[in-house]
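These notes concern the structure reproduced below.
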Amino acid sequence: MIEWLIAVVLAVLVVYAGLPFVWTRGLGRSCIRRTPKPGCVALTFDDGPHPVYTPRLLDALREAGARATFFVIAEHALRHPEIVERMLAEGHEVQVHGYRHWFVPLLPPGLTARQCVGAKDVLAQRFGIEPRVYRPTWGACNLATLVVLKRRRMSMLLWSVMVGDWRRTPPEELVRRIVAKLDARSVIVLHDSDESPGAERGAPESVIAAVPAVVEEVRRRGYTFVLASECE
């Protein structure tokens, strides 16, 4: 009897959490991982806003003259609304990373919905925007995520360039890794917070320092920056 129950639980987990992960992260289905046309690069940041790092990152982006998309945690956005308002005022885009930094595959349907459309509704009400692009925390979803996104006509944007910037890494090494993976349809994901599980304290310092060189390289290749909503 116990063995049968274990088998049932494992089968449910495979269908509910395992297969959607393979479907999206492995096969690239029901999600977007690259920009729609050559010459367009999306620069995106996850996990903020952070009261120390995000304003400095915005300074760096302003000095470089580049627009980016911030996939925010709704709780952080409500805690630091002035930073989100600055993002919007400076031409950046705010999209949904979650209500909290939860591991989505193991969430039940109700909390899964709160993580994506619940966060979307909170951001819409507080900031007068209409987010329609979702990036699940850790880039991992479940079956309920796919159903909810389809019903609410939202898109899932993952990435094509990830360089482990949540660990403390010299800025020049981050730049080297990004440049090595950069192409004409890249979606770059970086992080502007060190408060999420697994992040090393101080890691965003290198991200901020690396931004000018990354922007310069993108432009040197003749690419232009696009926002997440332009990747749908």
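The values are calculated or read from the model by the stated rules, or taken from the named source; none is laboratory data. Here the structure is a predicted model, which is why all the values come from computation and not from measurement. Heads up, the Cβs are rebuilt from the backbone with ideal geometry, glycines too, and the neighbour counts pull from every protein chain shown. To get the accessible areas, we keep the full protein, side chains included, count just its heavy atoms, and leave off ligands, DNA and RNA. Shrake-Rupley method; radii C 1.70, N 1.55, O 1.52, S 1.80 Å.
Data for the structure
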read-out	value
With all protein chains modelled, accessible area of F21 [1.4 Å, Å²]	90 Å²
Candidate lysines - alpha carbon under 16 Å from K37, same-chain residues fewer than 8 apart omitted	none
Top of R221, R114, R135 by mean-square fluctuation, Gaussian network on the chain, Cα under 10 Å	R221
Contact order relative to length of the chain, as percent, for alpha carbon pairs under 8 angstrom and 6 or more apart	30 percent
Most mobile listed residue (D194, D121, D59) in the chain, GNM with C-alpha springs under 10 Å	D59
Probe 1.4 Å, all protein chains present, accessible-area order of K120, K37, largest first	K37, K120
Cα-based shape type of the range 9-64, given that a ≥ b ≥ c are square roots of the gyration tensor eigenvalues and the cut on a/c is 1.5	oblate
For peptides 177-187, 205-215, sequence by mean Cβ density within 10 Å, most packed first	205-215, 177-187
The range 78-232, dipole about Cα centre (Lys/Arg Cβ +1, Asp/Glu Cβ -1), debye to the nearest 20	620 debye
Global geometry of the range 156-232, whether rounded, prolate or oblate, following the gyration tensor of its Cα atoms and the 1.5 cut on a/c	oblate
Cross-link reach list, lysines versus K120, counting only Cα pairs under 18 Å and skipping chain neighbours closer than eight places	K150
Mean residue ellipticity (222 nm) of the chain, computed from DSSP H runs ≥ 4 via -39,500 (n - 2.57), nearest 500	-11500 deg cm²/dmol
